[in-house]
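Data first, discussion second: the structure below is written as structure tokens.
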Amino acid sequence: MNAVFSKRTWILLWICLILLNVIMRIPLTPHEIGYDSFLIHFVADSISTYGHAKWWIHPLSIVGLYPFSMASALPFYLSGISQVLPLAMEQAMWVAMTAIGIYSSFTAYLMAGAIKDDKIFKFITALVYSTSMGILILTTWSASGRGLFLVFLPLFIYFLIKSRFSKLKYILFTVVLFIFLLATHNLFYFLIPIFLSFVIALIISNIQIKLSNYYVGIVLLILFIVLYMQLSVEKVAMDTLIYSFARYIGVLGIFVIGGFIFILFKKNKSFEESFFIFILLFFVPILSISVYSKFFILPFAALLISYGIANLVRISQNRKGALFVMVIFIILSIGIAEFYQFGRTNIENENQYSQFWAEESTVNAGLWIKSYTNKLVYADSALLSLRILAYSGATMLSNSNVVYPIQDNLEDFNLSKRSPFSTLFYSEGPYHVDNQSGFNQWVWYKLRDEGLDGKWGWLAKAFDINYFIKNEKIVSVFLSSSEIQDNDKVFDNGDISIWNFRY
């Protein structure tokens, strides 16, 4: 299906794709959205403020595998954008994430080209990947390490394939990308099966075996089914799994099936296609861990969709009619993706307990804290606490451990090593903090659950909490004490109130 386009047409197609990526990421809310985004906002701001990463207390802190740390790539990227332009962190975040959203189309294009040198195939992959709901969610005014990881993952696969030709520059770029992804998100563990797939494909490519493509396809299909049924880490209902993937892949996900069947039974598979099949084989056992797999599957789903669309058009007797139907499907996919973008951030539903974005009332409360106090602040809502932290930078009792080294509130701690056979070794890191009781994070949870009148209420005074921030949309147990009077309220905008403890 390698069509011939004039240079002008090709440039126009790419301009349209770039504009589409920008338009689909135009903010629908007055402020940034997400959950972890606000913590990353604060951490990135701290780099700009102090000139270095204060949470780097151990080499493993760089990649977020040491207590009181987080992966560093995204905070440094956001801080750099904020300082260079210059922009406030919130505005810098939109620019930075929109830029990598656009960049995802180029990385997907390169990855597709390394597997199949066909312009239409590569362009479809770029279009599908950059406008998929999963990529949109992670690159629309929301700072997420997963988003940055997924944008650069196709580029890593591209360099890995190219390194097969033993060119030093490709090997060097592969190593550099691996280190970068290591410092981006703990999804880097998924790079291990990609490496293994590459090695196995290299071995197979050097073995001359003549087998029927039909029987090879049948064996592979059976192997996929067995791996899914027997080796999935946890069992999830098939309909739940399909819905989870469809939500992030989009309407065009129906072409995954056609692309999958095609590549299984394809004659004379290239090294790259064999590599791709082995990646899918390694990936099958962890499909049911949808928390991560629904994102990690995106670049491979985009490739399968491209195979499916390209082959349907190629075998169709009415080529123009088939192209027209494909265009309708693509428009439908983009429309539904944008519908979910709007539905996720519907600003009409402002009375619900917790919006997906930072409301104006929260931002104003954060700015008040920033302007009028330098005392210790506490909020018993985890999300509100992160948002106030992002917009105020105030010294806070927080449920996020990375905050404490940044604000110089980190006490002495004792560590023990986790076993490599423990899942926590890979999800939380090789070290465990033994003396968590009495730490600030521990205190945050005790005060949230029991309040000032509870067993641990004395901790508020012991830690010298001066201000309490209350979400007026929810019932809080923290202020149940009769000792707190109305005249202790120093700020109230209807949604957020701030109380001053006058010990």
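The table for this structure:
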item	result
Accessible-area value, residue 452, 1.4 Å probe, nucleic acids and ligands omitted, Å²	40 Å²
Gain upon complete extension [residue 257, residue 472; 0.36 nm per residue less C-alpha separation]	72.5 nm
Protection-proxy order for peptides 170-182, 41-53, each taking the mean of Cβ atoms within 10 Å per residue, highest first	41-53, 170-182
Aspartates and glutamates with Cα under 17 Å of residue 294, excluding same-chain neighbours fewer than 8 positions away	234, 239
Simple spin-label estimate for residue 246 and residue 95 in nanometres, 7 Å along Cα-Cβ	4.1 nm
Partners for residue 266 among lysines (Cα-Cα distance below 21 Å; same-chain residues under 8 apart left out)	116, 119, 122, 210
Furthest towards positive pole of dipole, 77, 224, 407, structure part the chain, Cβ charges	224
Over the chain: Rg over Rh, Cα atoms, Kirkwood Rh	1.01
Simple label model, 7 Å out from Cα along Cβ direction - residue 493 to residue 320, nm	5.8 nm
J(HN,Hα) series, segment 461-466, from Karplus relation 6.51 cos²θ - 1.76 cosθ + 1.60, nearest Hz, glycine and proline x	6, 4, 8, 6, 6, 9
Signed unit charges on C-beta, dipole axis of the chain, positive-most listed residue 363, 63, 242	242
Paramagnetic reach from residue 225 (point 7 Å along Cα→Cβ, amide N under 17 Å) across segment 277-301	281, 284-285
Relative contact order, percent, the chain [alpha-carbon distance under 8 Å, six or more residues apart]	17 percent
Nearest-0.05 FRET efficiency for residue 339 and residue 456, computed from C-beta distance (R0 45 Å)	0.45
Surface per residue (accessible, 1.4 Å probe) for the chain, Å²	47 Å²
Label-point separation in nm, residue 202 to residue 88, each point 7 Å along Cα→Cβ	5.1 nm
Extreme residue, positive dipole direction of the chain, given options 500, 390, 419 (C-beta unit charges)	419
Lys pairs under 21 Å by Cα in segment 353-494, provided they are eight or more residues apart or on distinct chains	14
Kyte-Doolittle at least 0.5, axis length at least 30 Å by Cα - qualifying DSSP helices, the chain	89-115, 319-344
Against the rule of thumb 2.2 N^0.38 Å, how large the Cα Rg of segment 261-313 comes out	1.21
Residues residue 415 and residue 13, FRET efficiency given R0 of 35 Å [Cβ-Cβ distance, rounded to 0.05]	0.05
About the Cα centre, charge dipole magnitude for the chain (Lys/Arg +1, Asp/Glu -1 at Cβ), debye	2660 debye
Karplus 3J(HN,Hα) series, Hz, for segment 420-430 with 6.51 cos²θ - 1.76 cosθ + 1.60 (x for Gly, Pro)	x, 8, 8, 5, 5, 4, 8, 8, 10, x, x
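The values are calculated or read from the model by the stated rules, or taken from the named source; none is laboratory data. These figures come from a predicted structure and were not determined experimentally. So basically every Cβ, Gly included, is an ideal-geometry build from the backbone, and we count neighbours across all protein chains shown. These accessible areas exclude ligands, DNA and RNA; they are computed on the full protein's heavy atoms, side chains included. Shrake-Rupley method; radii C 1.70, N 1.55, O 1.52, S 1.80 Å.
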